[in-house]
Amino acid sequence: MNTLFPIFVKAENLHVLIVGGGYVGLEKLTALLANSPEARVTLVAPDIRDEIREMARQFPKLQLIQESYHEIYLSSKDLVIVGTNDKAVNRQVQSDCKRQRILVNVADTPELCDFYLSSVVKKGDLKIAISTNGKSPTFAKRFREVLEDILPDSLQETLDNLTAIRNQLKGDFVQKMEKLNEITKVLR
Ligand SMILES: C[C@@]1(CC(=O)O)C2=NC(=C\c3[nH]c(c(CCC(=O)O)c3CC(=O)O)Cc3[nH]c(c(CC(=O)O)c3CCC(=O)O)/C=C3\N/C(=C\2)[C@@H](CCC(=O)O)[C@]3(C)CC(=O)O)/[C@H]1CCC(=O)O
Ligand SMILES: NC(=O)c1ccc[n+]([C@@H]2O[C@H](COP(=O)([O-])OP(=O)(O)OC[C@H]3O[C@@H](n4cnc5c(N)ncnc54)[C@H](O)[C@@H]3O)[C@@H](O)[C@H]2O)c1
């Protein structure tokens with residue numbers, strides 16, 4: 001059974017810690033900032049890839065700390081993503097986070113994750129997050145590509161029109177809901 005509960009997080013309201021500055025750190029950082037460029041992110045690692053240093057020049061809310069992980073870096077963090085090449089460090093970060101009740105993702109170690117990153121389809125304001133319950137991230141990536149291809153760019157116009165209608169509708173909540181359901185029947 002797939003018991004994952006999907007939510008859409010306003011990452012710009014959070015302070016995220018990424019532990020590890022290699023390929024995995026870069027991948028997760030890129031995924032985060034592609035969706036939430038205003039998110040406050042601190043990345044800590046003794047070795048930090050050049051691409052990450054370049055991102056720090058583009059994203060003023062990304063702070064890099066060239067040090068090994070220490071629990072002190074969890075201070076005032078809301079969410080943690082860890083992906084170092086040292087499994088003992090990854091496990092230490094995970095257990096520190098659990099003790100402090102901070103949600104943690106240990107990249108590529110599903111059993112230690114409180115949440116997974118998803119494949120993300122974006123068409124204007126429409127955002128679809130895909131997870132395979134950890135079964136095949138590659139399938140999630142491929143399915144994202146399929147959806148990106150079939151969703152028309154005109155979707156944004158549809159959403160804008162529906163917003164305008166939604167804002168103009170008079171009546172109580174139930175009447176508005178009925179009207180919006182009627183108008184959108186053509187989408188089925
Ligand atoms: C979706 C995406 C989001 C993102 O990371 O941004 C994501 N992985 C992506 C790609 C990807 N990751 C891996 C490959 C290589 C091929 C393969 O293994 O399939 C590829 C494909 C590629 O890169 O082409 C390696 C891998 N990943 C995990 C394991 C461990 C394991 O399964 O046990 C291993 C094996 C490590 C090893 O062999 O040692 C685990 C996880 N990866 C997840 C997310 C979570 C589950 C998501 C879900 O529920 O589906 C979860 C559980 C935890 C997490 O990391 O959050 C992103 C696609 C973004 C996009 O392009 O749309
Ligand atoms: N790169 C991939 O696509 C991939 C895929 C599957 C699994 N993995 C696994 O994930 C792990 C990380 O992979 P990678 O490619 O990012 O490795 P990498 O060697 O590129 O980077 C490792 C990072 O961890 C940091 N690190 C090491 N000790 C640390 C500590 N004490 N505190 C903070 N940071 C520390 C290093 O400074 C470096 O930035 C590896 O174990 C690898 O086998 C990677």
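No value in this document is a laboratory result; all are computed from the given coordinates. Here the structure is a predicted model, which is why all the values come from computation and not from measurement. A quick note on method: Cβ atoms are made from the backbone with ideal geometry, for glycine too, and the neighbour counts reach across all protein chains shown.
Excluding residues on the same chain fewer than 8 positions from Lys28, give the aspartates and glutamates whose Cα lies under 12 Å from its Cα.
Qualifying aspartates and glutamates at Cα under 12 Å: Asp108.
Keeping to pairs on different chains or 8 or more places apart, tell me how many lysine pairs in region 45-188 have Cα atoms under 26 Å apart.
28
Among residues other than Glu38 whose Cβ falls under 13 Å from its Cβ, what is the net charge (Lys/Arg +1, Asp/Glu -1)? Working shown, then result.
Working: positive: Lys10, Arg40, Lys61; negative: Glu12.
Combined, the nearby Lys, Arg, Asp and Glu give +2.
222 nm [θ] for the chain, helices only, -39500 (n - 2.57) per DSSP H run of 4+, per residue, to 500?
Values: 6 runs with 74 residues, N = 188.
Taking each H run of at least 4 residues, the total per residue is -12500 deg cm²/dmol.
Using modelled backbone amide H atoms (1.01 Å from N, in-plane), which distant-in-sequence or interchain residues come within less than 5 Å of Val41's amide H?
Distant-sequence amide H within range of Val41: Val16, Leu62, Gln63.
Using unit Cβ charges (K, R positive; D, E negative) and no other charged atoms, how large, in debye to the nearest 20, is the dipole of the chain about its Cα centre? Let's see the in-between values first.
Values: 26 positive and 25 negative charges, 96 e Å.
Using Cβ point charges on Lys, Arg, Asp and Glu, the chain gives about 460 debye.
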